[in-house]
1. Do any residues in the range 54-69 that are in contact (Cβ under 8 Å) with a residue 24 or more places away in the chain have Cβ atoms under 6 Å from those of residues that are among the basic types (K, R), where the two are at least six apart or on different chains, and which pairs are they?
2. Please indicate, with yes or no, whether at least one residue in the range 50-57 is crowded, with 18+ Cβ neighbours inside 10 Å, closer than 13 Å to L99 by Cα and touching a His at 6+ places or on another chain (Cβ under 8 Å).
3. Go through G97, G62 for me and flag whichever is in contact with a Phe, Trp or Tyr (Cβ under 6 Å, 6 or more places away or on another chain) and either over 23 Å from H26 (Cα atoms) or at pLDDT 95 or above (or both).
4. Inspect all residues belonging to the range 59-76 and state whether any of them is within 20 Å of H110 (Cβ to Cβ), out of contact with any strand residue (DSSP E or B) (no Cβ under 9 Å at 6 or more places or on another chain), of a type outside the set (K, R) and surrounded by 19 or more Cβ atoms within 10 Å (Cβ to Cβ).
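The values are calculated or read from the model by the stated rules, or taken from the named source; none is laboratory data. Because the structure is a prediction, the values reported are computed rather than measured. Note: ideal-geometry Cβ built from the backbone for every residue, glycine included; neighbour counts use all protein chains shown.
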Amino acid sequence: MPRRLDRNLQIAGGSTMAFSIRIISHPSQGVFEFIRQRAGASGKKLLSEVEVPFTAVGLVQGKVVDMIAAMDVAEKAANVRVFDLRGLCPQHLTMIGILGDIADVKASVHAIEEAEHLK
């Protein structure tokens with residue numbers, strides 16, 4: 001069962017960053033196919049190069065500026081690949097995908113949650 005986490009974090013200047021996180025362990029082939037269809041250009045390239053599926057997918061959704069910061073944190077925290085996922089959202093939210101093994105995806109998500117500049 002995917003892990004669900006919804007957060008509202010205080011960030012510098014007193015504004016709040018709201019995001020939703022899901023971690024899917026051992027995603028099905030259908031999940032990878034859906035992600036391939038929704039991935040932006042960098043994600044499509046990454047997923048086309050993958051022969052053996054990753055053992056975990058982290059999904060983080062929020063405002064574009066927060067997702068750019070989250071991508072930076074995730075990639076610095078563990079051995080993961082991060083890319084954008086396209087969607088149709090009138091609230092101007094975006095989603096990133098974090099691919100790697102289960103421990104690395106969890107470490108990246110934890111680092112996003114704990115990042116000082118996101119609190």
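1. L59/R22
2. Yes, the conditions are met somewhere in the range 50-57.
3. G62
4. Yes, the conditions are met somewhere in the range 59-76.
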